[in-house]
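A.B. asks: Structure incoming, see below.
Each reported figure results from applying straightforward, stated rules to the coordinates on display, with no laboratory input. Everything numeric here is computed off the predicted structure, so don't read it as measured data. Cβ sites come from the backbone with ideal geometry, for glycine too, and all protein chains shown count toward neighbours.
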Amino acid sequence: MFRRCGFVYTDCVLERYREINYRVWESYKHGKISKDALQTKRFTELFEQIGAVCDAKKFNDAFLYEMGKNANLIEGAEDICKLIVSRGKKIYIVSNGIIITQESRMEHSPIKKYVSDFFVSERAGFRKPEAGFFDYVFAHIQSVKKENILIVGDSLTADIKGGRGAGIKTCWFNPDGKENCTDISPDYEIRRLSELEVFL
């Protein structure tokens, strides 16, 4: 896929992509660009920076297809999911990701059997942290009281900000111990998923 565009996939290219992708996703979370624009912009910028000549849209389509086959889990994910369900709790996934990729990942994921439902912003018509996204989720899980919900996520600007705005408890998953340089304050912070056991 990479060689067809005239460049070699290296750690340097990956680092540039991650920087661009993070910045573009932040723009999306703040409503500055659409999801369609996000998908091409990240590769258009990358190709410009590394001097590659490639169709960003076609590359993105191929990228999403390959990403959909990747269902690698964070360490401890399956164990904590199994424990949560064994204690009578439910797991819901809320995502801003690209729907075709996220649905494919879930289909191939070993945690699928533990997940009660799966909500993607494209289908909801709103993105995290917008209130409309959480209203959409709450409308589909009416049997669950807000005071019994904990949102766990690695994004302060999407998961934690959105959860606080929706009136639910929040837990920032911060495996690298990053400094919180925002004014967004999570209720809890963890480094490992196994730490969630104390909330069950």
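A.B. asks: Among S109, S143, S185, which one moves the most in a GNM of the chain with springs linking Cα atoms closer than 10 Å?
C.D. replies: Highest fluctuation of the listed residues: S143.
A.B. asks: Quick check: convex hull of the Cα atoms in segment 144-200, volume per residue, rounded to a whole Å³?
C.D. replies: In segment 144-200, the Cα hull volume divided by residue count equals 73 Å³.
A.B. asks: If you don't mind, there's one more thing I want to ask. For segment 54-102, which chymotrypsin sites (Phe, Trp or Tyr not before Pro) pass both filters: DSSP loop (anything but H, G, I, E, B) and at most 16 other C-beta atoms within 10 Å?
C.D. replies: none
A.B. asks: Based on the Cβ-Cβ distance from E197 to I99, what FRET efficiency comes out when R0 is 35 Å, to the nearest 0.05?
C.D. replies: Efficiency for this residue pair is about 0.65.
A.B. asks: As an exercise, use a Förster radius of 25 Å and the Cβ-Cβ distance of K178 and E48 to find the FRET efficiency, rounded to the nearest 0.05.
C.D. replies: Between K178 and E48 the formula returns 0.35.
A.B. asks: To continue, here is another question. In Å, what Kirkwood hydrodynamic radius results for the chain from the alpha-carbon pair distances?
C.D. replies: Hydrodynamic radius (Kirkwood, Cα pairs) of the chain is 18.3 Å.
A.B. asks: Hey, another quick one. Dividing the alpha-carbon Rg of segment 110-157 by 2.2 N^0.38 Å yields what?
C.D. replies: In units of the globular-protein estimate, segment 110-157 measures up at 1.21.
A.B. asks: For Q142 and Y9, compute 0.36 nm times the residue count separating them, minus their Cα-Cα distance, and round to one decimal in nm.
C.D. replies: 43.3 nm
A.B. asks: Using Cα pairs closer than 8 Å and at least 6 residues apart in sequence, work out the relative contact order for segment 11-102, in percent.
C.D. replies: Computed value for segment 11-102: 22 percent relative contact order.
A.B. asks: Which one, N174, I151, H108, projects farthest toward the positive side of the charge dipole computed for the chain from Cβ point charges (K/R +1, D/E -1)?
C.D. replies: Farthest along the dipole direction, towards plus: H108.
A.B. asks: Note down the magnitude of the dipole of segment 47-200 about its Cα centre, charges +1 on Lys and Arg C-beta and -1 on Asp and Glu C-beta and zero elsewhere, to the nearest 20 debye.
C.D. replies: 520
A.B. asks: Could I ask something else about it? Whole percent per 5 Å bin, from 0 to the bin with the longest distance: what is P(r) over all C-alpha pairs of segment 27-103?
C.D. replies: 3, 12, 16, 17, 17, 12, 9, 7, 4, 2, 1
A.B. asks: What is the distance in Å between the Cα centres of segment 162-200 and segment 53-88?
C.D. replies: About 21 Å separates the Cα centre of segment 162-200 from the one of segment 53-88.
A.B. asks: Please list log₁₀ I(q)/I(0) at q = 0.19 Å⁻¹ for segment 80-130, using the Debye equation with identical point scatterers on the alpha-carbon positions.
C.D. replies: -0.67
A.B. asks: Follow-up. Taking every Cα atom in segment 84-198, find the radius of gyration and the maximum pairwise distance Dmax, and write them in Å.
C.D. replies: 13.9, 37
A.B. asks: On to the next question. Test of understanding: what is the full-extension gain from I74 to D61, defined as 0.36 nm times their sequence separation minus their Cα-Cα distance?
C.D. replies: Taking I74 through D61 to full extension adds about 2.2 nm, to one decimal.
A.B. asks: Moving to a separate point now. Between E107 and K90, how many nm apart are label points set 7 Å from Cα along the C-beta direction?
C.D. replies: Here the answer is 2.5 nm between the modelled labels.
A.B. asks: Based solely on its DSSP helices, what 222 nm [θ] is calculated for the chain when runs of n ≥ 4 H residues each add -39,500 (n - 2.57) and the sum is averaged over all residues, nearest 500 deg cm²/dmol?
C.D. replies: Theoretical 222 nm ellipticity from helices: -13000 deg cm²/dmol.
A.B. asks: Looking at segment 139-200, which GluC sites (Glu not before Pro) are DSSP coil and have at most 14 other C-beta atoms within 10 Å of their C-beta?
C.D. replies: Answer in residue order: E179.
A.B. asks: Pick from N180, N96, N60: which is most flexible by mean-square fluctuation in a GNM of the chain where alpha carbon atoms under 10 Å apart are linked?
C.D. replies: For the chain, modelled as a Gaussian network with Cα springs under 10 Å, the answer is N180.
A.B. asks: When the chain is fully extended, how far beyond the present Cα-Cα distance does N21 get from K82, taking 0.36 nm per residue of separation?
C.D. replies: Between N21 and K82, full extension yields 18.8 nm more.
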